[in-house]
Amino acid sequence: MVNGENSMNKKLSILIPTYNEGKTLPLLLAAIQDVKLENIEKEIIVINDCSNDTTDEEVEKYLQHHLGKGAALHTGILAATGNYILIQDADLEYDPHEYPILLKPMLDGFADVVYGSRFISGNPHRILFFWHTLGNKFLTFISNLFTNLNLTDMEVCYKLFRADILKSLTLQEKRFGFEPEVTAKISKIQGIRIYEVGISYYGRTYREGKKINWKDGIHAIYCILKYNLVSK
């Protein structure tokens, strides 16, 4: 599972849940391999969620050099051995070369959790769906009402955690409900320090493979209510 040439002081565990991302996965893994992090070792954990394309083949090819994989996202969190854990989608919508941007508030000693934001960045941002963007902002607004956070992009993929904090949570959601659930649960931790940094966004169309839809938005609202009002 470990990807790194030497034993270093700190380790970043990168969790990559994949579903039918055989075309983009090798490009992503190459990009991650290309990222240079000073005094931080990279651990890559790919979680193949029953893909029926070439995802397994691409994982096996890369295993010869750098890669380990888990059975599910929660298993990946348990398996991670790094000081920090980052969630990375396999679809190339997010740029691994921006890991240093996410890591900086944490390495400087200010943050316990860092969220990326597609809405506060001056970096490249593909222009796509108005209603999808509005839906993301609406879900973030509803989440903020209950958590009392002032996030701008709760649904963003790029979330970086101190490993001990993420591992301390009892997480239930396995699909897109992960975002509101983990946000609700970290907001309840006394003294938690959450930061947000601007990131690039190279979004995909549905023809290009985007999977989230309005049903996932409805479930996200359910999760916001469930994990803020009912579940602990």
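The values are calculated or read from the model by the stated rules, or taken from the named source; none is laboratory data. Only a predicted model underlies this, so the values are computations on that prediction, with no experimental measurement involved. Note that we place each Cβ from the backbone using ideal geometry, even for glycine, and neighbour counts take in every protein chain shown.
Condition check ((1) out of contact with any Asp or Glu (no Cβ under 8 Å at 6 or more places or on another chain); (2) more than 16 Å from residue 228 (Cα to Cα)) across all residues:
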residue	(1), (2)
109	yes, yes
144	yes, no
153	no, yes
165	no, yes
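The single condition from (1) in contact with a Phe, Trp or Tyr (Cβ under 7 Å, 6 or more places away or on another chain); (2) free of Cβ contacts under 8 Å to residues at least 60 places away in the same chain; (3) in a loop (DSSP other than H, G, I, E, B) that residue 181 fails is (3). Can you find a residue in segment 52-59 that is of a type in the set (Asp, Glu), closer than 23 Å to residue 34 by Cβ, out of contact with any helix residue (DSSP H, G or I) (no Cβ under 7 Å at 6 or more places or on another chain) and modelled with pLDDT under 95? Yes, segment 52-59 contains a residue that is of a type in the set (Asp, Glu), closer than 23 Å to residue 34 by Cβ, out of contact with any helix residue (DSSP H, G or I) (no Cβ under 7 Å at 6 or more places or on another chain) and modelled with pLDDT under 95.
The lone criterion from (1) at pLDDT below 85; (2) out of contact with any helix residue (DSSP H, G or I) (no Cβ under 9 Å at 6 or more places or on another chain) left unmet by residue 90 is number (2). Checking each residue in segment 144-165 for being touching a helix residue (DSSP H, G or I) at 6+ places or on another chain (Cβ under 6 Å), within 26 Å of residue 109 (Cα to Cα) and part of a helix (DSSP H, G or I) picks out only 147. Within segment 92-136, the only residue that satisfies the criterion of being among the basic types (Lys, Arg) and surrounded by 15 or more Cβ atoms within 10 Å (Cβ to Cβ) is 118.
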